[in-house]
Amino acid sequence: MAVNTKQKGVAPGGASLFSTIVTYGALALLNAVALTLIYGLLDMGNVPLAVVLGIIAFGATIIFFVPRFYPIRWMVPGLAFMILLVLYPIYFTVSNAFTNYGDGHLYAKQQSINLITARKYVPEEANVYRWEVMQADDGRYALYLTREVNGVLEAAFAPEGESIEPIAEPTEEAPETYNGFRLLTGADRTTALGVIQSAVFGLGDDTVGIRTRREAARPLKDRFIYDSVTDTITDQTDGRVYVANNEIGQFVPQDGQGDPLAPGFIVNVGLSNFTRFISDPGLRGPLVDIFVWTVVFSLFSVLSTFALGLMMALILNSPYIVGRKVIQSLLIIPYAIPAVISIMVWRALLNQNFGLVNKTLMDVGLIADGIPFLTDAAWAKFSILLVNLWLGYPYMMLICSGALQAIPSDVYEAAAVDGARPWQSFRSITLPLLLVTVGPLLIASFTYNFNNFLLIDALTQGNPPIPGSPVQASYTDILISYTYRLAFGNRGADYGYASAITLVIFALVALVTVFQTRFNNQWEKVSDNG
Amino acid sequence: MANKTAAPKFQQARMASSGRERLLGTAARYVVIVIALIFALFPVLFIFSSALNPTGQLSTQSLIPRVDDPSRLLDNFRGLLVDNLALYPFWNWLFNSFVVASVSTILTVLITALSAYSFSRFRFRGRNSLLLGIRLVQVFPNLLALVALYLILQQVKEVADQLNVLIPAISWDWLKFFGLDSLGGVILVYMAGAMGINTLLMKGFLDSIPREIDESATVDGATNWQIFWQLIFPLIRPILAVVGVLAFVGTFNEFVLARLILRDKENWTLMVGLYNFINSDFNRDWGKFAAGALVAAVPVVALYLALQDQIVGGLTQGAVKG
C-alpha cells in the first residue's frame, strides 16, 4: 500500500526543466496543429473528423494539466492513435451503414448543390474568341484570347481563378511567356486540352470557357440555380426544374422525364442496406454462398493446419528422431516467407498453362490437359485450402510442440501402467491437455482466417465470378474480400452496403470472441485443477 | 526437472519391449518427415531455380534450373536490380519498406512500452476498463476499417489543400506526407495496432519485474521518467526485441493496406512493388520476380530462423498473424 501513495498520481517532484519544456512545447504544438486542422475540416464540412481531433487535443491537454490523470499521460500517444485509427473508423462504419454513401452519392447535400451550381454554360449572345493555352510553373492554366472587332485586334489574358485582363498591345500570335505563364505547344498542348475542356477561366461574372477546339466564349453563365425555399434546382438552358428527393438523395426532374442531376447526395436510408439482400434475390443468392464458403474455409483451414501441425509436432517430439531442430527449422520456412510472395509463387505453380504442377502431371501422363486450379470454382476452392494449409501448418506445429513439451510425462507413465494403448493415451491425455493451451489459439486462428483477405485476394481475387450477380461477387470470395470489392472494386464504390456487411462481420467475429473468452476461462479452470 | 528426465526413461522402457516395432515406428516417422519436407520446400526450391534460370519465363521453369551458360546465372537479378530501374525502381521499394518498417517498429515499441509501464506500475480509476477496452478493440481487425482509414488519408490531403487557401501565409503541403500515396500515411495507418495486444504482452513482462527496483530508485530521488528510461527500459530488452521483431516483420510484409494507400510506383513498398510487377503478366517476367522475391524473403527468413524461439513465444501469447 505504501507503494500506492506515490503512484496514486501525484505529479513527479523534481522533473527537470528541460523535460517540462519539451512536454509543454509538444503539447502546444499538438494543439496548434489540431486547431488548424479542425478549422480546415470544419470549412470542408467534415464535422466528425474535426470532433475526433478536438477530443484528442483537448483530452491530451486535460490529461497533462490534471495531476489525477498522471498515469494516463504515459498512454497519450497510444490512446490518440487508438481513437483516430480504431474507434473513429468503427464509428464511421456504423454511421455509413445506414446511408447510401458511395459512387453517385459522395457528398453532403450542400456540397452536392455547390458542385451542380458551379457548372456554367455558354449563352447564345456570348462573345467568341480564338485561344491559345498557357501554363504557369505551378501547373495552373491560362488562356490567351484574341478576336477582331470591326477589323481591330483585341486580346485578353484569362488565368484560372483570377480576373481576366485586357492586353494593351495585342498581338495576333500568343507570346512565348506572359506573367509567368508560358505558351504550350505540341504534346504539352494536347495533354492540357484534356484538362481544360471543362475548366472555367476568369473570376466571378466574367468568365470564359472553351467551346470548340478553335473557339472560346465569354462570359459564361451559371447553368443551374438553386432555390432553397422550394428546394429545387432550375436548369437555365431549358427552364426544367429538378426537385430534391431526400429519400434517394438526388435532384429528380419535376416532370418525371429524363435523368436526375449528378452528383447525388448522401441521405439516411435506414436499414435498407441490411435488408437489401433479403428483398433482392440476385443479391441474396451469392451472399449466402459466400457466407457458407467463408465458414467452411475458416473451419477447414483451422482443422487441417492443426491436424498436420500436431502430427508433425508429435513426430518431432519422438526421442528417436535425429536432427529435430534442423528439421523444424526447415519446416517453418513456409511460415517465415512473406505471405504475398508465397501466394504469388503458388499462383505460378498452379497456373493452368505454364504451372509446374500441371506440367509435371502432364509429363507423367496422369492428365492430358492442364487442371484449372485457379479458374474453376471447385478447383479454386481446393487450391485455396491447399495453399492455406501450406502457409499455416508450421505455426500450428510450433505451438503444438511447445504445448506438448509442457505436458508432464508422469501422466503417460500412469496411463501405461494402467495398460493404455498409445492411441488411447493420445485421445484421453494428450489432446485434452493440449487443447487447454492451444484451444484459444485455434479460435483466434478461426477468426483470423474468417478475415483472411490477403490469401483470397492475392491467390484468386475471388474468381471465378458468379454470373448474374448485380454487384461483383465470386465463387471463392469470403465475406471480407466481397466487402472490399464492394467498396473499392472497379464496378463502382458502394460504401454504405459495404459498411453494412462490415458490421455483420464485426458482429460474427465478436460473437466468436465472446465464445472464446468463455471457453478460455473454462480451460484455465481445467488447467488450474490439473 | 524430474519430468524431463523421466520422459525418455519411460519411453525406453516401453519401447524396449519390442525392438522391431520401435524401428518400424521410427522409419514411418522419417517417411512422414521426408514427405512433409518435400511439401514444405518444393515451392521454395522453385523460387531459387526460377531466380537462377536465365530464360526467365514461367512456361520454361523446372524445379532444377537448366543452366547452360554459368555467366547468365544472375541474369534475372541483373534484370530487376540493375537494368530496369526506370520502369521498376526496385531499390526505391526496398528503401521504402525499410523506412516504413523501421519507423513503425520504433514508434510501436515506444508507445507500447510507455503504456505498458503505466498499466504495470500505477493503479488508477478506469485502469481495468481501459485494459478490457484494449482487449475488446482487438476483435476488430483494422482491415475491416479499410474504407474509413482510406477516407481519413484522403481527407488529410484535401485539408492540406484547403488550408493552403485559408491560411496562405504558411505552406501546408507537409501535411500531405500523412495522406494518401505517401509513406507517412502508411506508417500512420500501421499505428492503429500500436496500442494493442503488444501492450498486454509487455505489461505481463513488466509485472514480472520486482517493484522493489522502482522503490529503491524512488528513495534515491529518481523521477518516474528516470526510473522508466534508465532502469526499466534496459531490463525489458528481451520483450522489446520480441515486440520489435514481430512489428518489423509484420510491417515489412504488410501488403493490403500499403497497396491501397500507395499509388505511385516510386512510393511502393517492396511487397506492393513485387506484387504489381508480376500481377499483370505472370509468364513473361517470372524469373525477375523470383529474383526479387529472394532478395525480399531471405533477410526475413533468416531473422525468423535466428529468433524462432522468441518469436514463437510472442506469437503464442499474442495474435495469430500470417
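Data overview
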quantity: Close pairs from the stretch B:233-253: first farther than 14 Å from residue B:200 by Cα and open to solvent by 20 Å² or more (accessible area, probe 1.4 Å), partner at pLDDT below 85 and of a type in the set (A, V, I, L, M), Cβ under 6 Å, at least 6 apart; calculated: B:245/B:307
quantity: Cβ-Cβ under 6 Å pairs, at least 6 apart or on other chains, the stretch A:497-516 side of a type in the set (Ser, Thr, Tyr), far side assigned to a helix (DSSP H, G or I); calculated: A:497/A:273; A:497/A:486; A:499/A:93; A:499/A:96; A:502/A:93; A:502/A:483; A:502/B:144
quantity: Close pairs from the stretch A:127-149: first under 14 Å from residue A:188 (Cα atoms) and open to solvent by less than 10 Å² (accessible area, probe 1.4 Å), partner of a type in the set (Lys, Arg) and not in a strand (DSSP E or B), Cβ under 7 Å, at least 6 apart; calculated: A:133/A:189
quantity: Verdict on residue A:90 being modelled with pLDDT of 90 or more and within 18 Å of the chain's Cα centre (by Cα); calculated: no
quantity: Some residue of the stretch A:415-425 being acidic (Asp, Glu), modelled with pLDDT under 85, part of a helix (DSSP H, G or I) and open to solvent by 50 Å² or more (accessible area, probe 1.4 Å); calculated: no
quantity: Residues of the stretch A:156-211 classified as small (Gly, Ala, Ser), assigned to a loop (DSSP other than H, G, I, E, B) and farther than 11 Å from residue A:132 by Cβ, total; calculated: 7
quantity: Matching option when the condition is more than 9 Å from chain B (Cβ to nearest Cβ) and open to solvent by less than 10 Å² (accessible area, probe 1.4 Å), among A:473, A:507, A:458; calculated: A:473
quantity: Residue list for the stretch A:100-126, restricted to those being out of contact with any Phe, Trp or Tyr (no Cβ under 8 Å at 6 or more places or on another chain) and surrounded by 15 or more Cβ atoms within 10 Å (Cβ to Cβ); calculated: A:100, A:104, A:106, A:120, A:121, A:122, A:126
quantity: Residue pairs meeting the criteria (Cβ under 8 Å; at least 6 apart or on separate chains; first outside any loop (DSSP other than H, G, I, E, B), in the stretch A:47-68; second among the small types (Gly, Ala, Ser) and open to solvent by 30 Å² or more (accessible area, probe 1.4 Å)); calculated: A:48/A:95; A:67/A:11
quantity: Residues (touching a helix residue (DSSP H, G or I) at 6+ places or on another chain (Cβ under 8 Å), of a type in the set (Ser, Thr, Tyr) and facing another protein chain (nearest Cβ under 9 Å)) located in the stretch A:64-97; calculated: A:88, A:91, A:93
quantity: Enumeration of residues in the stretch B:75-89 that are among the aliphatic types (A, V, I, L, M) and either in contact (Cβ under 8 Å) with a residue 60 or more places away in the chain or open to solvent by less than 40 Å² (accessible area, probe 1.4 Å) (or both); calculated: B:80, B:81
quantity: Identity of the residue in the stretch B:168-212, among the β-branched types (Val, Ile, Thr) and more than 17 Å from residue B:240 (Cβ to Cβ), that ends up surrounded by the most Cβ atoms within 10 Å (Cβ to Cβ); calculated: B:186
quantity: Segments classed as helices (runs of 4 or more DSSP H), wholly inside the stretch B:1-99, with at least 1 members that are modelled with pLDDT of 85 or more and not β-branched (Val, Ile, Thr); calculated: B:19-52, B:75-78
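For (1) among the aromatic types (Phe, Trp, Tyr); (2) closer than 30 Å to residue A:103 by Cβ, each residue gets a yes or a no:
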position	(1), (2)
A:414	no, no
A:446	yes, no
A:453	yes, yes
A:463	no, yes
A:471	no, yes
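The values are calculated or read from the model by the stated rules, or taken from the named source; none is laboratory data. Because the structure is predicted, anything quoted here is derived from the model rather than measured. Neighbour counts are summed over all protein chains in view; Cβ atoms, including those assigned to glycine, are modelled from backbone coordinates with ideal geometry. These area figures cover heavy atoms from the full protein model, side chains too; ligands, DNA and RNA do not enter into them. Shrake-Rupley method; radii C 1.70, N 1.55, O 1.52, S 1.80 Å.
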